[in-house]
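Q: So that we are looking at the same thing, I have put the structure below in structure tokens.
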Amino acid sequence: MKDVADWDLVARACDGDVQAFEALIARYESPLVHFCMRMTGSREDAEDLAQETFVRVHRYLNRLKPDAKFSTAIFGMARNLTLNHLRDSKRRGRGSTTSLSAETGADIPVTDRAAQSDYAARQSELRQLIERGFAMLSDEHREVIVLREIEGMDYETIAAVLKCRKGTVKSRLARGRVQLRQHILDLGGEIG
């Protein structure tokens, strides 16, 4: 069902086609978990939030309308659930310190072991500074950076997910980038 459009899968799922809904899950599970993990900092919470998003999609299948991209609808649901989770976690005083890059660490082949360990140490330090700076951003700035820079969404789609104007997306993105840069500098990082 790789060639079937999202809204066609939704229509089939509404008619009881279990495989169509499974195809939607296969298509969106990884991007949703990734988005939620970048927002919460916890793989476990991200997986729970993605699962809850699919539960809601299934519950409201008959109410979904193809007015926009399906990705806009599903990321909008994931966003709302994630923001509620973050708000509730703050109320309960729970913080998350899980690494945001644990799953994306990549080995870079280098033949010189001394250069490799020096490079790896610098990369690890930079990754930690970015994660710490990223965690210091407000939810609204963090989510727009995740949607744009990590998920690769265009401004119109982000505006639809966040239910705001395109200009608001652009200004939040610009402010978020400036704040992230400043946080990294404040933490002792160097930006070239």
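Q: In nanometres, what is the gap between the two model label sites at SER138 and ILE150, each 7 Å from Cα along Cα-to-Cβ?
A: 1.9
Q: While we're on this one: Considering the zone a paramagnetic label at LEU185 would reach in this model (a point 7 Å from Cα along the Cα-to-Cβ line), which residues of the range 120-137 have amide N under 20 Å from it?
A: Inside the label zone: 126-137.
Q: Tilt of helix 166-186 relative to the longest C-alpha principal axis of the chain, in degrees (0 to 90, nearest 10)?
A: That helix lies at roughly 30 degrees to the long axis.
Q: At a Förster radius of 41 Å, what calculated FRET efficiency corresponds to the Cβ-Cβ distance of SER124 and ALA26, to the nearest 0.05? Intermediate values should be presented prior to the final figure.
A: Numbers: r = 33 Å, r/R0 = 0.80.
For R0 = 41 Å, the calculated efficiency reads 0.80.
Q: Now for a different question. Quote the FRET efficiency, to the nearest 0.05, computed for ASP8 versus ARG87 with a Förster distance R0 of 30 Å and r equal to the Cβ-Cβ distance. Don't jump to the answer; show the numbers that get you there.
A: Values: r = 35 Å, r/R0 = 1.18.
Computed FRET efficiency for ASP8 and ARG87 comes out at 0.25.
Q: Something else now. Once you have the Cα-Cα distance between ARG165 and LYS69, take 0.36 nm times their residue separation minus that, and quote the gain in nm to one decimal.
A: 32.9 nm
Q: Now for a different question. Using only the Cα atoms of the chain, what semi-axes does the equivalent ellipsoid have when each is the square root of 5 times a gyration tensor eigenvalue? Give whole Å, largest first.
A: The equivalent ellipsoid of the chain has semi-axes of 33, 20, 16 Å.
Q: Now for a different question. Can you bin every Cα-Cα distance in the range 110-186 into 10 Å intervals starting at zero and give me the percent of pairs per bin, rounded to whole numbers?
A: Pairs per bin, as whole percents: 19, 38, 23, 14, 5, 0.
Q: If you take every residue apart from GLN128 with its C-beta less than 15 Å away from the C-beta of GLN128, what net charge results, scoring Lys and Arg +1 and Asp and Glu -1?
A: Around GLN128, the surrounding residues sum to -1.
Q: Moving to a separate point now. Hey, what do the phi angles of the range 154-165 turn into as Karplus ³J(HN,Hα) couplings, whole Hz, using 6.51/-1.76/1.60 and θ = phi - 60°, x for Gly and Pro?
A: Listing the rounded values in order: 7, 4, 5, 5, 4, 4, 5, 4, 7, 6, 9, 7 Hz.
Q: Calculate one ³J(HN,Hα) per residue across the range 33-40 by plugging θ = phi - 60° into the Karplus curve 6.51 cos²θ - 1.76 cosθ + 1.60, and present them in order as whole Hz with x for glycine and proline.
A: 4, 4, 4, 5, 5, 5, 7, 9
Q: Next question. Measuring from label point to label point, each 7 Å out along Cα→Cβ, what is the ASN62 to GLU44 span in nm?
A: Going from the ASN62 label point to the GLU44 one covers 3.7 nm.
Q: Largest first, please: the extent of the C-alpha atoms of the range 6-92 along each principal axis, to the nearest Å.
A: Projected onto its principal axes, the Cα set of the range 6-92 covers 41, 21, 19 Å.
Q: Also, quick follow-up: Quick one: what are the phi-derived ³J(HN,Hα) couplings along the range 134-150, Karplus 6.51/-1.76/1.60 with θ = phi - 60°, whole Hz, x for glycine and proline?
A: So the Karplus estimates, Gly and Pro as x, are 4, 5, 7, 6, 5, 4, 5, 7, 5, 5, 5, 5, 4, 5, 7, 7, 9 Hz.
Where a number appears in this text, it was derived from the coordinates with a stated rule and is not lab data. Not measured: the values here are computed from a predicted model. In this analysis, Cβ positions are derived from the backbone assuming ideal geometry, glycine residues included, and neighbour counts consider all displayed protein chains.
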